[in-house]
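Read-outs throughout are calculated quantities, based only on the coordinates presented, and are distinct from any laboratory measurement. Predicted, not measured: the structure shown is a model, and the values here were computed from it. Note that each Cβ is placed from the backbone with ideal geometry, even for glycine, and that neighbours are counted across all protein chains shown.
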Amino acid sequence: MAANFPMQPMGRFSGPSQPVKRPKEFACFSYDENHEFRLDDSSIKYYYTPRLGADLSKGFDTFRKLDDSGDEHLDSLLKTIVAHEKETGKKIDANVVTWRGTMTKIMAALFEQQDGFEMNATLYQDCLFIEENNDFKVQSRLNENRRGPRRGPPLEVMQYWGYKFETLSTLPRTWHETSREYIEDRENQVVSNKEQYCSVVRTGIGSTVLCLGGEVDAIWDTKPPPGQPINWVELKTSAEIRSPGDLDNFHRKLMKFWIQSFLLGVPKIVVGFRTRDGILVEVQEIETQNIPQTVNSRQGARWNADMCVNFAGEFLQWLRNVINDEGVWRIRRRSGSNGIEVFKVEETGHGDILSEEFKNWRIKL
Ligand code: A3P
Ligand code: MG
Ligand code: MG
């Protein structure tokens, strides 16, 4: 059985936004400096303004880079959910469980014609679990690296800039607990992307309750008591804006920044603007909630936040109707296509989407 969710005409997603819930963190986990899972907030980072003029390429040769070619499925997210359910003694009430990055791809699809994706999904105990299809991810990266000659620094160096900016803009402890020396020596810190703090939230789009897990880069102050909004900060780098064309590009990029931060309830995005060769020249704080208005107020806006929400809301509702029995399903959006296809790839079971630990726990619950 195959089903297709048409994305045209786009007008059917316009109009006021479907209701959304404010994302609430109910659990978290960390990866330590070796990328080992820890059920705590030990890898949280504190924002502290970086020094302008820093060279984002510095230390590239000592980058401790995570090998993320393997397939981690939903394992860490499921581990965290199990721990939470053991504590509360009941199942979480989500209709859909997935990584924030996966949901970002879905929500951006309406306005990202070129981005294809493939995901695997399975229904288990009335909840849909969605993961990215790792083979597709690996293949897409290979294709990207093989794309013809390009100007400017190598892709790996440009990718490093993002992590370098994180190191330049954060502290591993609060400002009070950090020495002046550390703050001033951040440019010489070894950059690693193995350490991560991940927030696990309950949120909602339209009629669908979602449980999402995703990395947050930093916190503005400190974590408040449970249930209260957290002053998360998303860090981004971007080329400095020197022409109307640059501004167009930046506004287009703001869609992904906005979706990514909206989904986890991250209120602030700090953008480090850099020269074409990676010198940090400006830092701008952007309120996530103001982005849709900023983009709309300029002529020829390429995307609309309400339409992203409506599209995601309708797609999720549709998906929950289509995936209504056992097996593993593929969710596929071919690059440039006007629809999202859903079809079954395995008749029974849950493939590798669900860990043994998770299923064993749920059987007992
Ligand atoms: P910038 O995007 O700020 O340059 P995130 O912004 O999601 O916290 O990711 C941190 C950094 O990881 C990014 O920094 C970028 O360097 C790298 N990164 C994230 N997603 C990527 C992708 N799809 N491809 C390549 N690099 C990516
Ligand atoms: Mg990040
Ligand atoms: Mg970031």
Worksheet item: Using alpha-carbon positions, what is the distance between the centroids of region 15-85 and region 102-146, in Å?
Response: 19
Practice prompt. Would you list which lysines come within 21 Å of Lys364, measuring only between C-alpha atoms, while excluding same-chain residues fewer than 8 positions from it?
Written response: Lys79, Lys86, Lys90, Lys91
Discussion item. On alpha carbon coordinates alone, what is the Rg over Rh value for the chain, Rh being the Kirkwood radius?
Written reply: 0.95
Worksheet entry | Whole-Hz ³J(HN,Hα) from phi, Karplus 6.51 cos²θ - 1.76 cosθ + 1.60, for region 308-322, glycine and proline x | 4, 5, 5, 4, 4, x, 5, 4, 5, 5, 4, 4, 5, 7, 6
Worksheet entry | Semi-axis lengths, Å, region 168-241, gyration tensor of Cα atoms, sqrt of 5 times eigenvalues | 29, 17, 12
Worksheet item: From the residues Gln293, Asn193, Asn360, which one has its Cα farthest along the dipole of the chain in the positive direction, the dipole being from +1 and -1 charges on Cβ of Lys/Arg and Asp/Glu about the Cα centre?
Response: Gln293
Worksheet, complete the sentence: The size of the Cβ-based charge dipole (Lys, Arg +1; Asp, Glu -1) of region 172-261 about the Cα centre, to the nearest 20 debye, is 420
Item to complete: May I ask for the distance between the Cα centers of region 246-317 and region 338-360, given as a whole number of Å?
Response: 32
Worksheet item: Say the dipole of the chain comes from +1 at the beta carbon of Lys and Arg and -1 at that of Asp and Glu; which of Gly70, Tyr31, Val342 then lies farthest toward its positive end?
Response: Val342
Worksheet, complete the sentence: So the FRET efficiency between Arg180 and Arg298, C-beta based with R0 = 51 Å and rounded to 0.05, is 0.75
Practice prompt. Provide the gained length on full extension for the span Leu52 to Val20, in nm with one decimal, where the gain is 0.36 nm per separating residue minus the Cα-Cα distance.
Written response: 7.8 nm
Discussion item. Using C-alpha positions alone, give me the convex hull volume of region 220-302 per residue in cubic angstrom.
Written reply: 94
Worksheet entry | Cut-off under 5 Å, modelled amide H: who pairs with Gly327 long-range | Leu123, Gly349
